[in-house]
1. Among the strands (runs of 3 or more DSSP E) contained in the range A:68-112, which hold 3 or more residues that are away from chain B (no Cβ under 12 Å)?
2. Please tell me if B:Leu77 is within 11 Å of chain A (Cβ to nearest Cβ) and out of contact with any helix residue (DSSP H, G or I) (no Cβ under 9 Å at 6 or more places or on another chain).
3. Within the range B:85-114, take every residue that is closer than 16 Å to A:Arg42 by Cβ and among the β-branched types (Val, Ile, Thr) and give me the one that is farthest from the other protein chains (Cβ to nearest Cβ).
4. Looking only at residues that are surrounded by 12 or more Cβ atoms within 10 Å (Cβ to Cβ) and outside any strand (DSSP E or B) in the range A:55-67, which one is nearest to the other protein chains (Cβ to nearest Cβ)?
5. Can you confirm whether B:Leu77 is closer than 18 Å to A:Ile101 by Cβ, in contact with a Leu (Cβ under 7 Å, 6 or more places away or on another chain), aliphatic (A, V, I, L, M) and surrounded by 13 or more Cβ atoms within 10 Å (Cβ to Cβ)?
6. One residue is enough: does the range A:37-54 have a residue meeting the conditions more than 22 Å from B:Ser95 (Cα to Cα), surrounded by fewer than 20 Cβ atoms within 10 Å (Cβ to Cβ), touching a residue at least 24 places away in the same chain (Cβ under 8 Å) and among the small types (Gly, Ala, Ser)?
7. Need pairs with beta-carbon distance below 6 Å; first residue more than 23 Å from B:Leu32 (Cβ to Cβ) and within the range A:83-100, second modelled with pLDDT under 90 and not in a strand (DSSP E or B); sequence gap 6+ or separate chains.
Amino acid sequence: AQSVAQPEDQVNVAEGNPLTVKCTYSVSGNPYLFWYVQYPNRGLQFLLKYITGDNLVKGSYGFEAEFNKSQTSFHLKKPSALVSDSALYFCAAYNQGGKLIFGQGTELSVKP
Amino acid sequence: GAGVSQSPSNKVTEKGKDVELRCDPISGHTALYWYRQSLGQGLEFLIYFQGNSAPDKSGLPSDRFSAERTGGSVSTLTIQRTQQEDSAVYLCASSHGQPNQPQHFGDGTRLSIL
């Protein structure tokens, strides 16, 4: 079965430190991978995507993600975390039925 | 430009009543999706419309749930005879329908069943 896993329910980081939010996937064929962020009482907001090409993808608000085919991972990273980055983050992958499969989400907390 | 618009933003109703949730997608987007999100949880796929094709209803949890999309634009999700377990945030998203294109989400309707 096709799936997306986010192994950490919560990630805690100090402001200014680098952050990583982990994601692994299991999909058929070439993976189309996405990261979304959700702030309280808001819908999901698109951050970045991997379709093909460079394994390091850059997105909004200084976020980037590294695609690793051998490890079937697509971890979200940021070199220096901000308090305002605190939110719920979702990894997602397209399946062949035209739908996005979402991970369960990771709550990122950045403390001053 | 205008994003995905959902209404109402909040809905409180009594158990057993019917509710209708509305979604206005981004103009020109051929694909429209409904999801359900329980408090602080992940997204549960409900239904997917793509152009004039028959909708993918595989995620609807029971026959109390139905959705339609009129004229390839506005969509309405209807829940009949609401139950307390229907309480959740219902999110709508739209896209160009290609797998390399992101979905764009509305801010959702927070449904509370008393």
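1. Values: elements: A:73-78, A:87-94, A:100-102, A:106-111.
It comes to A:73-78, A:106-111.
2. Numbers: within 11 Å of chain A (Cβ to nearest Cβ): no; out of contact with any helix residue (DSSP H, G or I) (no Cβ under 9 Å at 6 or more places or on another chain): yes.
When the stated conditions are applied, B:Leu77 does not pass them.
3. B:Thr109
4. Narrowing the range A:55-67 to residues surrounded by 12 or more Cβ atoms within 10 Å (Cβ to Cβ): A:57, A:59, A:61-67.
Those left that are additionally outside any strand (DSSP E or B): A:59, A:61-63.
Numbers: A:Gly59: 10, A:Tyr61: 15, A:Gly62: 18, A:Phe63: 14 Å.
My answer is A:Gly59.
5. Working: closer than 18 Å to A:Ile101 by Cβ: no; in contact with a Leu (Cβ under 7 Å, 6 or more places away or on another chain): yes; aliphatic (A, V, I, L, M): yes; surrounded by 13 or more Cβ atoms within 10 Å (Cβ to Cβ): yes.
Considered against the rule, which asks whether it is closer than 18 Å to A:Ile101 by Cβ, in contact with a Leu (Cβ under 7 Å, 6 or more places away or on another chain), aliphatic (A, V, I, L, M) and surrounded by 13 or more Cβ atoms within 10 Å (Cβ to Cβ), B:Leu77 comes out as no.
6. Within the range A:37-54, not a single residue is more than 22 Å from B:Ser95 (Cα to Cα), surrounded by fewer than 20 Cβ atoms within 10 Å (Cβ to Cβ), touching a residue at least 24 places away in the same chain (Cβ under 8 Å) and among the small types (Gly, Ala, Ser).
7. Hits for this filter: zero, empty list.
For (1) at pLDDT 95 or above; (2) at positive phi; (3) in contact with a strand residue (DSSP E or B) (Cβ under 9 Å, 6 or more places away or on another chain), each residue gets a yes or a no:
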residue	(1), (2), (3)
B:Ser9	yes, no, yes
B:Lys15	yes, no, yes
B:Asp18	yes, no, yes
B:Tyr35	yes, no, yes
B:Gly42	no, no, yes
B:Asn52	no, no, no
B:Leu60	yes, no, yes
B:Thr78	yes, no, yes
B:Thr82	yes, no, yes
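The values are calculated or read from the model by the stated rules, or taken from the named source; none is laboratory data. Predicted model, so just to flag it, every value in this text is computed and none were measured. Neighbour counts are summed over all protein chains in view; Cβ atoms, including those assigned to glycine, are modelled from backbone coordinates with ideal geometry.
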